[in-house]
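Participant: Encoded as C-alpha cells, here's the structure I'll be asking about.
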Amino acid sequence: MVETWMLEVPGERVLVRELAPADEAPLLRLFEECEDWFLAATGLPSAPGDVQSLYYGLPAGAHPADKVLLVLERDGVVAGVVDAVRDHPEPGAVAVGLFLLAPWCRGRGLGHRLARSLLERAGDPPLVTATVPAGWRPGERFLERLGFGLDPESGPSGADRGSGPREGAVRRAVLRRGGGL
C-alpha cells in the first residue's frame, strides 16, 4: 500500500495518491488532454482501453505485485499519472512505464518535484529506467534534465502487451544513483 502525500508547491494543493476505481473518468479526461503524448507514443489518440491497460501493462519479466499506479491531483483535479514497477529490471531498481502530466501542468517544475519525491519515497533506487517515444522532444528533454541518459538508438517498447498498428519505437532512458536529481 502506498500512502498519500502532498508535494510542496507554493500556493497550490498538490496531492499524490494511489489510483482508485473512481479515477477512471478523470483519467479518461487526462488522456484526452494529453493527445500529444498519445500521438507520439502510439500514432493514435487515446482510447477508453488505455485506462484499463494501466492495470495490466507490465515490462517483460515483471511481477504484477510490484506495480505501482499513482495519480497527481492539483487543486482537486487529476493532473497526472505515474505507472512504475519496483524491483525491475533488477532487485532495487524501478522501471517507469508512464509519467504523464496534463499540458496545463507542464513546464512549471511540477514533474521534477514529483520525480524527486517518488525517488525519495522509493529509497533512492540505484537504477531507474524509463522510455520515451522516439523523437518526442518534450519527454526527451524532461528525462535529460532529470539526469537520465538516453540510448542513442530507439527500439521496441518491451512492454508485455501487443503494440498498436501505428505505435513507433521508444528510446530507453537510464538514471543511475548519483547521476541526477
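The values are calculated or read from the model by the stated rules, or taken from the named source; none is laboratory data. None of the values given here were measured: they were computed from a predicted structure. Here the Cβ positions follow ideal geometry from the backbone for every residue, glycine too, while neighbour counts run over all protein chains shown. Just the protein is used for accessible areas: all its heavy atoms, side chains included, with ligands, DNA and RNA removed. Shrake-Rupley method; radii C 1.70, N 1.55, O 1.52, S 1.80 Å.
This table checks each residue for (1) at positive phi; (2) surrounded by fewer than 19 Cβ atoms within 10 Å (Cβ to Cβ); (3) of a type in the set (Gly, Ala, Ser).
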{"residue": "20", "(1), (2), (3)": "no, yes, yes"}
{"residue": "31", "(1), (2), (3)": "no, no, no"}
{"residue": "57", "(1), (2), (3)": "no, yes, yes"}
{"residue": "75", "(1), (2), (3)": "yes, yes, no"}
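Participant: Right, here's the next one. Give me the pairs, please: first residue somewhere in region 63-78 and over 18 Å from residue 22 (Cβ atoms), second residue anywhere and hydroxyl-bearing (Ser, Thr, Tyr), beta-carbon distance under 9 Å, and either six or more positions apart or on two chains.
Facilitator: That search, which allows pairs on different chains as well, returns 64/55; 64/56; 67/55; 67/56.
Participant: OK, next. Quick test of your reading of the structure: residue 25 fulfils all but one of (1) in a helix (DSSP H, G or I); (2) crowded, with 19+ Cβ neighbours inside 10 Å; (3) modelled with pLDDT of 95 or more. Name the failing condition by number.
Facilitator: Only one criterion is unmet by residue 25, namely (2).
Participant: Check off (1) open to solvent by 70 Å² or more (accessible area, probe 1.4 Å); (2) of a type outside the set (Asp, Glu); (3) closer than 22 Å to residue 122 by Cα for residue 11 and give me the number that stays unchecked.
Facilitator: Of everything listed in (1) open to solvent by 70 Å² or more (accessible area, probe 1.4 Å); (2) of a type outside the set (Asp, Glu); (3) closer than 22 Å to residue 122 by Cα, residue 11 misses just condition (3).
Participant: Identify, please: which residue in region 122-177 is within 27 Å of residue 109 (Cα to Cα) and of a type in the set (Lys, Arg) and is, among those, modelled with the lowest pLDDT?
Facilitator: This residue is 177.
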